[in-house]
Amino acid sequence: QQPVQSPQAVILREGEDAVINCSSSKALYSVHWYRQKHGEAPVFLMILLKGGEQKGHEKISASFNEKKQQSSLYLTASQLSYSGTYFCGTVLLMDTGRRALTFGSGTRLQVQP
Amino acid sequence: DTEVTQTPKHLVMGMTNKKSLKCEQHMGHRAMYWYKQKAKKPPELMFVYSYEKLSINESVPSRFSPECPNSSLLNLHLHALQPEDSALYLCASSQERADNNEQFFGPGTRLTVL
């Protein structure tokens, strides 16, 4: 089951903060965060593996809740370069019996001057 | 070298053509992936190769045929495609299977099927 991301889109002014959420009805093995700029490949941001984990730095960080069913990405004091589509990815057990990374629907973030 | 390269960047083909997409990485990664991405949608997993063996085929039609000649190369052979197959095709690699390893994505091949 694809993880659910919210919001679908957000527009910010430079310097404003944003939070992007990624949730699942079941406990997740891990959560990956990627950013994709228009016309470019997705770029890895971070992976969270443990419940209660927080990772990242002052500007871009993420958390994974204790039950491992929700992760949030925090963008602080946004810059123009933060614009793009943010995807969370979760490792799910596929019908083939293998685990594979499945991406959420994405959050389109636009930072304006 | 921390780059995944893909060729060609753009490809236009007819429904009767046969073409191939190529992907290469020299990071020593043992897992390689093909994704399909439609506009404004997330990447969708197509195939996973682990140690040069196909480990996941996500119910992809047989008109798409993957090949992993060696640990650095991944091909996607295309034959008798449909217009709805037009999309961005992304290749990615990781050290091992995707569970807890970041994936490095190539720039993609933008495919148009006429």
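Just so it is clear, none of the values below were taken in a lab; they were calculated from the coordinates. Just so it is clear, the model here is predicted, and its values are computed rather than measured. Cβ placement follows ideal geometry from the backbone for every residue including glycine, while neighbour counts extend to all protein chains displayed.
Just a few scattered comments:
- Restricting attention to chain B, close to 90% of DSSP beta bridges with both partner residues there are antiparallel.
- For region A:55-93, the list of trypsin sites (Lys or Arg not before Pro) that fall in a loop by DSSP and count at most 16 other C-beta atoms within 10 angstrom reads A:K59, A:K67.
- Highest-first packing order for the peptide set B:53-60, A:6-13, B:85-92 is B:85-92, B:53-60, A:6-13, based on the mean count of other beta carbon atoms within 10 Å.
- Note on the protein assembly as shown: semi-axes of the ellipsoid equivalent to its C-alpha gyration tensor, largest first and rounded to whole Å, are 30, 20, 16.
- Total lysine pairs in chain A at Cα distances under 24 Å, for residues eight or more apart or on different chains: 12.
- Across region A:5-110, Cα pairs under 8 Å and at least six residues apart give a relative contact order of 34 percent.
- Computed over region B:26-76, the quotient of the alpha carbon radius of gyration and 2.2 N^0.38 Å is 1.16.
- Diffusion of chain B by Stokes-Einstein, at 37 °C in a medium of 0.692 mPa s and with Rh set to the Kirkwood radius over alpha-carbon pairs, works out to 235 µm²/s.
- Left without a cysteine partner by the 4.7 Å Cβ rule in chain B: B:C68.
- Sum of side-chain charges, B:N17 neighbourhood, beta-carbon under 14 Å (Lys, Arg +1; Asp, Glu -1): +2
- Taking every residue in B:57-69 and counting other chain Cβ atoms within 10 Å of its Cβ, the average works out to 1.
- Value of relative contact order over region B:1-98, rounded to a whole percent, pairs C-alpha under 8 Å and six or more apart: 36 percent
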